[in-house]
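> Please read through the structure below; I'll follow up with questions.
The values are calculated or read from the model by the stated rules, or taken from the named source; none is laboratory data. Keep in mind that this is a model prediction, so the values were computed, not measured. Here the Cβ positions follow ideal geometry from the backbone for every residue, glycine too, while neighbour counts run over all protein chains shown. When the accessible area is computed, the model is the full protein with side chains, heavy atoms only, and any ligands, DNA or RNA have been set aside. Shrake-Rupley method; radii C 1.70, N 1.55, O 1.52, S 1.80 Å.
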Amino acid sequence: MRFAVDEINRSPDLLPNVTLGFYAYDSCAVLQREIEGTLWMLTGQDMAIPNYSCGQSPPLAAIIGHSASSISILMAHLLGLYRYPQVSYFSTSSRLSDRTQFPSFFRTVPSDKFQSKGLAQLVLHFQWTWVGLLAIDNDYGQEGIQIIEREITKAGACVAFTEYIFSSMLYKDIYRTVKVIKESTAKAVVAFSTDIYLIPVLVEMRRQNVTGKIFVASEAWSISNVMSAHKYSSVLDGTIGFAFHSSKLLGFQDYVNNVRISNTPGLTWTKLFWEEVFGCTFYYYKNISESSENPDRLCTGEEDLRSVQNTYNEVSSLRESINLYTAVYVIAKALHDLGQCKDLDGRPSGGYCSDIRSIKPWQLLNYFKKVRVELKNKREVFFDENGDPPALYDIVKWQRTPEGFIKQVKVGSYDTMASAEDILSINTSLVWWSSGLKEVPLSVCSQSCPPGFRKAARRGEPVCCFQCIPCPQGEISNKTNSIGCSKCPWDMWPNDQKDRCLPKAVEYLSYEEPLGMALAATSISSSMIPMSIFSLFIHYKNTPIVKANNYSLSCVLLMSLSLCFLCSLAFIGYPQSEKCLLHQAAFGMVFTICVSCILAKTIMVVFAFMATKPGSRLKKWTSPQVSYLIIFICSFVQFILCVFWLSLSPPFSQHNIQTRPGIIIVECNENSPVAFWCMLGYLGLLATISFIVAFLARRLPDSFNEAKFITFSMLAFLSVWVSYIPASLSAQGKYTVAMEIFAIQSSSWALVVCMFGPKCFIILFRPNMNSREYLMGKGKAQK
């Protein structure tokens, strides 16, 4: 404070022609003396007289103090009544921010509210979600720990335990507290306490061999020299915490070293200090005999402070002293602004200026609220609406040296004047944890859920204690500790790890895959067989066996059978809308023509046999026009069904994502299952009628024995399609299409083999049987 006052008095820019002075009161840490001293200052005399001021000059501009929050609160209640500006350099209680109770209180040290929020951010920065809380049981500890708990809980972290240290704790209470810390799975423990109260807990932790805990220290013990002793290193190794911002004052080193007995106010204090530093004694404290016996221990007053190195002249990292230095400058700047007749916004008022030597406390108080001071380190100090300055803390890390001692290293800062993302700044390259590791220790109740899993709370436990459940089918989580899984888009599917969506495989029966190629090759090659038989029939059309089997109907049947084989090609390839619209209708029409031809053949066989009976009138029904009429009528009915189907509810191409999860099945939706099964049912009806008629006509004479072949062909045809119904219902995707193609080819081959196999065998390998005499003779023999 003397250094700051001397600097200001020498400055031509701050309070020119005004000399600052100060009074120092020693309360001896007794509350009664605090009240008495406060009343002395208000009265202006060494007598406590309430509501009285002697008004002597120079005026008392402001009061600096106290360091303890409890005493500052006591003083602020009194000083606030008279609107006397009070500036504390060390009182951190958040209660002092209440402007209704303490309207004239200011401080140059951050409020514990900022420290608590900063410590909570520090805990969250290292992703410690399972944290223990340890605090001293007074206003300092309770207020601080409550804010920390609220902040970390709001951010989703959890408190494993909360323990308080009492000033009069018994050993059993300390034992129980340490046992809670030891048995808890929380690795990080926030200790909001002073060093003197924390030491018994550390001693018991050593006794119980509690290691592996990471303490997060409040500023009250984060740079404690007592606790950084070697005996606590096993417990406190890895500690990290907040400390008041440290800085260096230019010129202060020389100033403290130039202190002399002859040039320093407060002679009694100075002599006591001198004897302590130099280990000597001023002669008037001892008698002559003692002085003669130890003449080398007498103080001369000319000793040089530069010759010693101790905590007194170690001023490279000042903390509380900087706050006191700042408090003096704040008062001086407020006085300066008042003396310059400036409005509260900093502009000259142009009005009447009161004499700075006769100011009233409430006048200066108004300027305190708007004061702004730029220090030598270029940092600006001002007060918010609660009288609090911007918060600036150093983040210090306790790290063990190779010799086994603990040193405190500044690794970052907490600055509320920085941008939102830079308020908490840590140089991770300087941070070493227990056992010399760079990796941040974990303090979690449950291990993190990797991508592909979601968190599920355990019943009756905090939200930080959870279990990891794999994402359900079709859903992913692409970050750690997801609280839920998200569904993939309809055309995508999770990978095996369920941490990202991949495009679904598209499935349809294509020409490129082996199954499609095989079915296409079979269809094309099979279609050549009826055409080959057709050419064979043309070549042998005048032979008896060809004539006996209705040559014209056989030709139509063979052509339709060839188309039956080829229509299966419409089912292979990408199911475009046009293909979906026609392939079932084409299949139905071609097979209807084919079965209609067989039905016509069967009916014509019956008519031909009955027409041979004497007096029969059915001879006129054996003409080819009747068979064509049967084919036309049967096919026309199917045509009408297909027209109605395609007009009212046409098939369309669709992407089926329900049948097989993870695969998009591109298929044709029949749109109207009723229409499809009507078309197929009508085809089955024709085949059934053909089978029944052929079965009844199977014992006709040999010249008309084609009914036997029709019976077998229809039996095979119906067996294939009856088997197709359950098979198609059990198949999925492209295999349903393949099943239908297989049914088409199987039923077509059944017709080809049963209807034309025996005839081709006779034509090619038994030409002697292909004669009218043989056919008629065979008929007589059977008859």
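> How big is the convex hull of the Cα atoms of the stretch 1-90, per residue, in Å³?
For the stretch 1-90, the hull spanned by Cα atoms encloses 106 Å³ per residue.
> Now for a separate question. In sequence order, what are the phi-derived ³J(HN,Hα) couplings for the stretch 391-401 according to the Karplus relation 6.51 cos²θ - 1.76 cosθ + 1.60 with θ = phi - 60°, rounded to whole Hz, with x for glycine and proline?
So the J values, rounded to whole Hz, are 7, 9, 10, 8, 9, 10, 10, 8, 10, 7, 7.
> Against the longest alpha carbon principal axis of the chain, how many degrees, from 0 to 90 and to the nearest 10, is the axis of helix 706-730 turned?
Rounded to the nearest ten degrees, it is 10.
> Okay, next question. Scan (i) 61.1; (ii) 36.3; (iii) 103.8 for the value of mean projected area of the Cα convex hull in nm² calculated from this model and give just the label.
It is the value labelled (i).
> Now for a separate question. Please tell me which of these pairs span more than 26 angstrom C-alpha to C-alpha: 271/378; 541/708; 248/407; 370/397; 455/498; 376/407?
271/378; 370/397; 376/407
> For the stretch 448-586, just run the numbers: alpha carbon Rg, then divide by 2.2 N^0.38 Å, N being how many residues it has.
My calculation over the Cα atoms of the stretch 448-586 gives 2.06.
> Express the relative contact order of the chain as a whole percentage, based on alpha carbon pairs under 8 Å and six or more residues apart in sequence.
Reported relative contact order: 9 percent.
> Calculate how steeply helix 171-183 sits against the longest principal axis of the alpha-carbon atoms of the chain, using the helix alpha-carbon long axis, and give the answer as 0 to 90 degrees to the nearest 10.
30
> Another question about this same structure. Could you sort the peptides 656-662, 240-246, 492-498 by per-residue average Cβ neighbour count (10 Å cutoff), highest mean leading?
Ranking the peptides 656-662, 240-246, 492-498 by packing returns 240-246, 492-498, 656-662.
> Another one. For the stretch 141-156, what does the Karplus curve 6.51 cos²θ - 1.76 cosθ + 1.60, with θ = phi - 60°, yield as ³J(HN,Hα) per residue in whole Hz, taken in order and with x for Gly and Pro?
x, 5, 5, x, 6, 5, 5, 4, 4, 5, 5, 6, 5, 4, 7, x
> What are the ³J(HN,Hα) couplings of the stretch 500-509, residue after residue, when phi is run through the Karplus curve with 6.51, -1.76, 1.60 and θ = phi - 60°? Round to Hz, x for glycine and proline.
Running phi through 6.51 cos²θ - 1.76 cosθ + 1.60 with θ = phi - 60° gives 7, 9, 10, x, 5, 5, 9, 10, 7, 7 Hz.
> Rg (Å, one decimal) plus Dmax (Å, integer) for the alpha carbons of the stretch 632-773?
In Å, with Rg to one decimal and Dmax whole: 19.7, 68.
> How do 259-265, 642-648, 527-533, 59-65 rank on mean C-beta neighbours within 10 Å, highest first?
59-65, 527-533, 642-648, 259-265
> May I pose another question? Taking the solvent-accessible surface of protein heavy atoms with a 1.4 Å probe, what is the per residue accessible area of the chain in Å²?
50
> Something else now. Remind me, relative contact order of the stretch 128-176 in percent, using alpha carbon pairs under 8 angstrom and six or more residues apart?
Averaging sequence separation for qualifying contacts and normalising by length gives 50 percent for the stretch 128-176.
> Scattering from the C-alpha atoms of the stretch 209-284 alone, worked out with Debye: what is log10 I(q)/I(0) at q = 0.18, 0.25, 0.26 1/Å?
-0.84, -1.10, -1.15
> Collect residues whose amide H, placed 1.01 Å from N in the peptide plane, falls under 5 Å from the amide H of residue 474; neighbours closer than 5 in sequence don't count.
none
> Which value at 222 nm does the chain reach when only helices count, each DSSP H run of 4 or more adding -39,500 (n - 2.57), with the total divided by all residues and rounded to the nearest 500 deg cm²/dmol?
-14500 deg cm²/dmol
> Okay, next question. Between residue 652 and residue 539, what length comes free when the chain is fully extended (0.36 nm per residue of separation minus the Cα-Cα distance, one decimal in nm)?
36.3 nm
> With a Förster radius of 51 Å, plug the Cβ-Cβ distance of residue 362 and residue 427 into 1/(1 + (r/R0)^6) and report the FRET value to the nearest 0.05.
0.65
> Would you please give the residues with an amide H less than 5 Å from that of residue 215, counting only those at least 5 places away or on a separate chain, with H modeled from the backbone geometry?
189, 239, 240
> Once amide H atoms are placed 1.01 Å from N in the peptide plane, what residues at a sequence separation of 5 or more from residue 454, or on another chain, have their amide H within under 5 Å of its amide H?
Sorted by chain and number, the residues that satisfy this are 469, 471.
> Right, here's the next one. Quick check on packing: order 21-28, 677-684 by the mean number of other C-beta atoms within 10 Å, highest mean leading.
677-684, 21-28
> Provide Rg and Dmax in Å for the stretch 81-159, with only Cα atoms included in the calculation.
14.9, 48
> Going toward the positive end of the dipole of the chain, with +1 on Lys and Arg Cβ and -1 on Asp and Glu Cβ, which of 580, 178, 597 do you reach last?
Result: 597.
> Just flag the trypsin sites (Lys or Arg not before Pro) in the stretch 644-752 sitting in loop per DSSP whose Cβ has no more than 12 other Cβ atoms within 10 Å.
Of the trypsin sites (Lys or Arg not before Pro), the ones in loops of the stretch 644-752 whose Cβ has at most 12 other Cβ atoms within 10 Å are 699.
> Stretched out fully, how many nm does the piece from residue 51 to residue 179 gain, at 0.36 nm a residue minus the Cα gap?
Taking 0.36 nm per residue and subtracting the Cα distance, the gain is 40.6 nm.
> Expressed as a whole number of Å, what is the distance separating the alpha-carbon centroids of the stretch 212-233 and the stretch 1-75?
35
> Also: So for the stretch 16-77, averaging the separation of alpha carbon pairs under 8 Å that are six or more residues apart and normalising by length, what relative contact order in percent results?
Computed value for the stretch 16-77: 23 percent relative contact order.
> Right, next: Report, for the chain, the % of DSSP beta bridges that are antiparallel, rounded to 5.
Counting DSSP beta bridges with both partners in the chain, the antiparallel share is about 60 percent.
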